[in-house]
Amino acid sequence: MGPPVSTHERLAESIVDAGFVARALRGLPAAFELMPAGSEARFVPINTNVNWASGRAKRALDLIVAVPALVVLAPLLALIAVLIRIDSPGPVFFRQQRSGVCGTTFRIFKFRTMHVLEDGDTVMQARRGDARVTRLGCWLRTYSLDELPQLLNVIRGEMSLVGPRPHARAHDVLYSGLVRDYRHRHAVKPGLTGWAQVNGLRGPTPTLESMVRRIECDLWYARRASFALDLMILARTPYEVLLKRNAY
């Protein structure tokens, strides 16, 4: 007789590809780990609100919102997973290395929206009319539905509900040498949504100028993160998604 099944794993089994999700949820103990001792000085810019950005209160908000959201959205996630299977060959989920707080590495969960699974030294951003994007993937990306599996990353403690959007590791390497203070965006956990996204800077960054504008927003948030600011960003996010500004 096998080990007892936890509540988290029973929830995972209600979603297509349950084994994948169950393995993800087994990483829950990592949710309560704080930043490595002494590493903050390498990343934290002056005036960062460390007490909120890396504190237990923000973590509690993440869990209070993310866990019920995952339960409520489970039928939608299952439907999207089935549609992905029907639409094109390949896995339901796409996992890619991203940079977390203090530059630590984690694998982000996304619904697959492309025919390719890039995760190496060179990663090309999706652009309008990109042949790599599937028919369903175009719709999922427009409304950011491909990002919903990142609720698992939030529950695991690798991401927060609000913070700078995590970039591919290859892009971190590239832009850290091109954009001043780029590394300071890693002073806080990456987020499902952020200050840049609710200010129309979601989606691709085809020029260096567009990336600089996004990083400026990320640093602004890192220096001013607070409970009230997080609530405001969360409240504005659905409206921004419906606007579809720069969405692709």
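The values are calculated or read from the model by the stated rules, or taken from the named source; none is laboratory data. It should be emphasised that the depicted structure is a prediction, and the values quoted were computed from it without experimental measurement. Every residue, glycine among them, receives a Cβ derived from its backbone with ideal geometry; neighbour counts consider all protein chains shown.
Values computed for the structure shown
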read-out: Count of residues meeting criterion [among the hydroxyl-bearing types (Ser, Thr, Tyr), within 30 Å of residue 58 (Cα to Cα) and surrounded by 14 or more Cβ atoms within 10 Å (Cβ to Cβ)] in region 77-118; value: 2
read-out: Count of region 200-248 residues which are closer than 20 Å to residue 159 by Cβ, modelled with pLDDT of 90 or more and of a type in the set (Ser, Thr, Tyr); value: 3
read-out: Any chance residue 176 is surrounded by fewer than 24 Cβ atoms within 10 Å (Cβ to Cβ) and either touching a residue at least 60 places away in the same chain (Cβ under 8 Å) or over 17 Å from the mean Cα position of the chain (by Cα) (or both); value: yes
read-out: Lone unmet requirement of (1) out of contact with any helix residue (DSSP H, G or I) (no Cβ under 7 Å at 6 or more places or on another chain); (2) surrounded by 14 or more Cβ atoms within 10 Å (Cβ to Cβ); (3) in a helix (DSSP H, G or I) for residue 183; value: (1)
read-out: Members of region 134-170 found to be surrounded by 23 or more Cβ atoms within 10 Å (Cβ to Cβ), of a type in the set (A, V, I, L, M, F, W, C) and part of a strand (DSSP E or B), listed by number; value: 161, 162
read-out: Every residue from region 201-220 that is of a type in the set (Gly, Ala, Ser) and loosely packed, with under 15 Cβ neighbours inside 10 Å; value: 210
read-out: Pair list, Cβ < 7 Å and 6+ apart or interchain, from region 58-81 residues that are basic (Lys, Arg) to residues that are crowded, with 18+ Cβ neighbours inside 10 Å and not in a helix (DSSP H, G or I); value: 58/160
read-out: Counted residues, region 194-215 - those being without any contact (Cβ under 8 Å) to a residue 12 or more places away in the chain and assigned to a helix (DSSP H, G or I); value: 2
read-out: Qualifying positions in region 221-248 - surrounded by 14 or more Cβ atoms within 10 Å (Cβ to Cβ) and of a type in the set (A, V, I, L, M, F, W, C); value: 222, 225, 229, 232, 233, 234, 241, 247
read-out: Residue within region 224-239 that is part of a loop (DSSP other than H, G, I, E, B) and touching a helix residue (DSSP H, G or I) at 6+ places or on another chain (Cβ under 6 Å) present; value: yes
